[in-house]
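Quick notes on the structure that follows.
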Amino acid sequence: MKIFETKQALQDFIDDHRLKNALIGFVPTMGALHEGHISLIEKSKQHGVVTVCSIFVNPTQFNDPKDFEKYPKTIQEDLQKLESAGCEAVFLPSVKEMYPEGMHQLPHYPLGRLEDLWEGAHRPGHFQGVCVIVHRLLEAVRPDQLFMGSKDFQQVAVIRHLIRHYPFEPKIQLISCDTIREKSGLAMSSRNVRLSPEQKTQALAIYHGFDMIRKALQEQTNSSAEALKQQFAQQLLDAGFESVDYIALADPTSLEPITNLSQTFVVLVAAFIGGVRLIDNQLFSHELFKRV
Ligand code: AMP
């Protein structure tokens, strides 16, 4: 596995592979890698592409400076995991390499409603930071395929928007991959290491909230979207969450809130436990329930 710290060195490696007609798969991460990240590397390998992973904790996407400072860093373990997964190249740029002109006066990305809704509303500037760094990483790697986790559901929508609006060459295929969970049902996240075992158990209330909605749909209780949201939020608070940023029942494409539960929708959740902000989501297809 090759390790590169500069865009130029990475590009030389990629150019070599392109000369051999290889396709490039890219997995951007912020490190502190877990099985969720590794599943993206594995997915890329299944597609038979040369797999490049980046590890860069991007300062401009943290709206809370404390969250940035506390972000876990486990670079040696990360490199071992990537090597075992068969990753061909890792890009480990410095802040200076990605922001040579500093972090002020960055470009603005028009994201429309995606920036007003849910994560956009609760983390001002977050998606602008995500777009700046992903745009720069995509320009450096120029992948054919980009692998991202649907755990960050709205982020996938934002990057899909970015790819549509900026003509990348070659054209990028965005592949959204399933969320990997602990056996308990807790979605894997780099931030989980900051939770005590007790908080991890309490955090399962998110997973149980999805079950509650699934049951309500299966049993056709005729609960409204609003009632389901309120019950979900109450269950989180009762379980020990300090606060709930949002619970949304939303259209999976536009992410606009829905009221009609007979359409396919996604439930998006963000809530704090032990000072750690967790996000998760689950897709509900009404057709699925009709067939059950
Ligand atoms: P991060 O390091 O948190 O920026 O995540 C890097 C990539 O890994 C993103 O595309 C995430 O959506 C994805 N990811 C994070 N957690 C999971 C998970 N539990 N399952 C699948 N993908 C994940």
Would you please list the contacts, defined by Cβ atoms under 7 Å and residues six or more apart or on different chains, that run from a residue in segment 35-62 that is under 11 Å from residue 147 (Cβ atoms) and more than 13 Å from the ligand (Cβ to nearest atom) to a residue that is among the charged types (D, E, K, R) and assigned to a loop (DSSP other than H, G, I, E, B)? 49/144; 51/88; 52/88
Filter segment 5-20 for residues that are among the hydrophobic types (A, V, I, L, M, F, W, C) and open to solvent by less than 60 Å² (accessible area, probe 1.4 Å); the one that is nearest to the ligand (Cβ to nearest atom) is 10
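Got a sec? Which of 139, 97, 83 is of a type outside the set (A, V, I, L, M, F, W, C), open to solvent by less than 60 Å² (accessible area, probe 1.4 Å) and more than 18 Å from the chain's Cα centre (by Cα)?
Only one candidate passes the filter, namely 97.
Yes or no: segment 21-38 includes at least one residue that is assigned to a strand (DSSP E or B) and open to solvent by 60 Å² or more (accessible area, probe 1.4 Å).
No.
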Go through segment 137-160 residue by residue and tally those that are away from the ligand (no atom under 15 Å from the Cβ) and either modelled with pLDDT under 95 or touching a helix residue (DSSP H, G or I) at 6+ places or on another chain (Cβ under 8 Å) (or both). 2
Being exposed (fewer than 14 other Cβ atoms within 10 Å of the Cβ) and at pLDDT below 95 is true for just one of 65, 107. Which residue is that? 65
Sort out which residues of segment 177-227 are open to solvent by 40 Å² or more (accessible area, probe 1.4 Å), closer than 18 Å to residue 151 by Cβ and in a loop (DSSP other than H, G, I, E, B), and write them in order of number. 178, 180, 182, 183, 184
Contact list, first residue from segment 259-282 and in contact (Cβ under 8 Å) with a residue 24 or more places away in the chain and open to solvent by 40 Å² or more (accessible area, probe 1.4 Å), second anywhere and of a type in the set (Gly, Ala, Ser) and not in a strand (DSSP E or B), beta-carbon distance below 6 Å, six or more apart or interchain, is 259/225
Note: among 102, 129, just one is surrounded by fewer than 20 Cβ atoms within 10 Å (Cβ to Cβ) and either part of a helix (DSSP H, G or I) or under 18 Å from the mean Cα position of the chain (by Cα) (or both), namely 129
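The values are calculated or read from the model by the stated rules, or taken from the named source; none is laboratory data. For clarity, every value in this text was computed on a predicted model and none was experimentally measured. Virtual Cβ from ideal backbone geometry, glycine too; neighbours counted across all protein chains shown. For the accessible areas, the whole protein counts, side chains as well, though only heavy atoms, and no ligand, DNA or RNA atoms are used. Shrake-Rupley method; radii C 1.70, N 1.55, O 1.52, S 1.80 Å.
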